[in-house]
Amino acid sequence: MQPLSHLPAFLATAFTDLAHWLDKRSAARVPLLLFGILFASGRRTVTSWFRAAGITDDFRQAYVTVCSVGRHTDDMAFSALRAVRPLLDNKRLTLAIDDTPTPRYGPEVEGAGIHHNPSPGPAGEKYLYGHVFVTMTALAKHKDWGTIALPLQAQLYVRKTDLPKLPPERPREFRTKLEMAVAQLDWAESWVGHRFEQLWVVADGGYAKRPFLKGASKHGFTVVSRLRKDAALFSLPEPTKPGEKRGPGRPPIYGKQRISLAKRAGQKRGWQQVECEQYGFKVTKTIKTFLATRRPAGGVIRVVLVKEEDGEWLPFFSTNPEASAVEILEGMADRGSHLQMNKDVKEVWGAGQQQVRNIHSSEGCFNLNLWMYSLVEAWAWDKPQEELVDRSASPWDSEPRRPSHSDKRKALQKEVLRSEIEEALAGRPSDEQIRALVDRLLDLAV
């Protein structure tokens, strides 16, 4: 069976576009691999992709293709960006960056190491052994489903202490997560910088440090992130009075007075209420906003303090002092879609389960999962909810909610299988053809 023959035209084109960056021998196998990812079931090892795609005797070369994908991530990521470009806001490109771990086991897994566990389980594990990927997504707003994170690429972070364990034929220079994030912004700016009026990036507070903020500014990005409650902030520099002669040297960038966020939050005056959209709902937030200077940001920032219903307060900021408080609050809420993507790409697509050891293969597998996530979201973008979700077999499940990513993946699987069945039953199929179709469907089901 030819995998492209039963795929929707959008996916067939996207698969071919992703493949054309590789050598012709490897490029021919990329659509097969992506088709296998779509229909793989059970534990999502690479061999489960091979079985779903019908790759048998050629499996060794398929492994080579996976490794080749890892070597050409930057190029292939542009094809993913091109596929989702029509879904993005024409004025402002908003990216989200964060890192996510995938547990791995075994001493021969290249690039694996001990990392802090961002989400300890019931046992409270502080550390995990495995990979950490720095992921970048483009945020798009759907008219009914709210903000959707569309993955563009991921890069594997390897601790400095683990680099000597890599084989000599696959050396790698050490880069911090912040440096990797800046490199991703450099890639994005080089591809799309001139196509958008504004470039924004939202990130966790762990990225609100000088290397990332300075690199983002260099590439023209406004950063929206979270502040520490004890962050070192200063007042604005005092303006020169009319007629006053300024001394030698450049004008001051930072003020002399230290600003305490805790004291600002504790003051009863200055609070106001604003209406914004968060997580698909209109909400009213109690906020206090002001300008300050911060050395890691290199100058003036817009600070927003948010008072929650339980009395707790949270500080956020933007490196663009002209940004409004509403834009900052909505940007930080939209970052939640990136966290949901990190969760779905592991649970729905099985990212991190591929059981490959080569460091390039690990990056290739993770990015293939990310690109399938984006392509499925783009395919389902304009489809009505009734085509994506069928809860007729679960009448008790009547709570209205937007289709999950798993719903969209299943809907795409059904459409591809429906096309295959209709083609096989066209005309007068023989008993052998019907039997082959049944065997094929049983293989995919099992």
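Computed quantities for the displayed model
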| item | result |
| --- | --- |
| Meets criteria (at positive phi, more than 19 Å from the chain's Cα centre (by Cα) and of a type outside the set (Ser, Thr, Tyr)) for Gly54 | yes |
| All positions within segment 13-29 that are part of a helix (DSSP H, G or I) and open to solvent by 70 Å² or more (accessible area, probe 1.4 Å) | Thr13, Thr16, Lys24, Arg25 |
| Only listed residue being surrounded by fewer than 21 Cβ atoms within 10 Å (Cβ to Cβ) and part of a helix (DSSP H, G or I), chosen from Lys346, Lys383 | Lys346 |
| Residues being open to solvent by less than 70 Å² (accessible area, probe 1.4 Å) and either in contact with a helix residue (DSSP H, G or I) (Cβ under 9 Å, 6 or more places away or on another chain) or modelled with pLDDT of 80 or more (or both) - total across segment 225-266 | 17 |
| Helices (runs of 4 or more DSSP H) (entirely within segment 174-291) containing at least 2 residues that are over 30 Å from the mean Cα position of the chain (by Cα) | 261-266 |
| Of residues in segment 35-86 being assigned to a helix (DSSP H, G or I) and of a type in the set (Lys, Arg), the one least open to solvent (accessible area, probe 1.4 Å) | Arg85 |
| Qualifying position, being farther than 20 Å from Thr73 by Cβ, touching a Gly at 6+ places or on another chain (Cβ under 9 Å) and not hydroxyl-bearing (Ser, Thr, Tyr), among Lys165, Lys160, Lys126 | Lys165 |
| Subset of segment 138-165 (residues that are open to solvent by 20 Å² or more (accessible area, probe 1.4 Å), touching a residue at least 40 places away in the same chain (Cβ under 8 Å) and not in a strand (DSSP E or B)) | Asp144, Arg159, Thr161, Lys165 |
| Lone qualifier among Gly336, Gly352, Gly331, Gly364 - being assigned to a loop (DSSP other than H, G, I, E, B), open to solvent by less than 40 Å² (accessible area, probe 1.4 Å) and either in contact with a helix residue (DSSP H, G or I) (Cβ under 8 Å, 6 or more places away or on another chain) or closer than 21 Å to Tyr279 by Cβ (or both) | Gly352 |
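The values are calculated or read from the model by the stated rules, or taken from the named source; none is laboratory data. Model, not experiment: these values are computed from the prediction. Note that each Cβ is placed from the backbone with ideal geometry, even for glycine, and that neighbours are counted across all protein chains shown. SASA here: full protein model, heavy atoms, side chains in, ligands and nucleic acids out. Shrake-Rupley method; radii C 1.70, N 1.55, O 1.52, S 1.80 Å.
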